[in-house]
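Just so it is clear, none of the values below were taken in a lab; they were calculated from the coordinates. Note that the coordinates shown come from a computational prediction; the quantities given were computed from them, not determined experimentally. Don't worry about glycine lacking a Cβ; one is built from the backbone with ideal geometry, like all the others, and counts go over all protein chains shown.
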């Protein structure tokens, strides 16, 4: 599988997981729109994995997207202050689901992986990630979302 096929597969997995797990619908974000994504309100989560392959996933979005995830995944009213407080937790949970599904789609059900614990990503990584060839950009309910798949050795 070449790099473009891998990224297309990751894009499909990400869109499907967002829809199935959080009722968030996503489409591709055009390249021109990516330029306007402000790093000031961005938050990221990172999840390392090892096993058949090693690497890391990083998910970037704004705090409004994280609040939307929280509201949709928990059923808490979107206007509640709790959804803002729990945004990072919702991002970590959706990252777990995306990573598990993506690794299965990429490497099959026989491959065994150990997923790390999702944690807050270093914001300094966002500038490099936003132009990474291993990044998938989606527009999820009007929110730009970036998933970077860093597969070591590929």
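Helix 3-22 and the long axis of the chain differ in direction by around 40°, with both axes built from C-alpha atoms.
Principal-axis analysis of the Cα atoms of the chain puts helix 63-74 at an angle of about 90° to the longest axis. Based on the Stokes-Einstein relation at 20 °C and a viscosity of 1.002 mPa s, and on the Kirkwood radius from alpha carbon pairs, the range 95-144 is assigned a translational diffusion coefficient of 162 µm²/s. Sorted largest first, the principal axis extents computed over the alpha-carbon atoms of the range 1-91 equal 44, 35, 24 Å.
Listed peptides 73-81, 56-64 appear in the order 56-64, 73-81 once ranked by packing, highest mean of other Cβ atoms within 10 Å at the front. Size check on the range 69-154: the Cα extents along the three principal axes, sorted descending, read 44, 31, 22 Å.
Taking every alpha-carbon pair within the chain, the share separated by more than 28 Å comes to 14 percent.
Take every Cα pair under 8 Å whose residues are at least 6 apart in sequence, average their separation, divide by the length of the chain, and the relative contact order is 36 percent.
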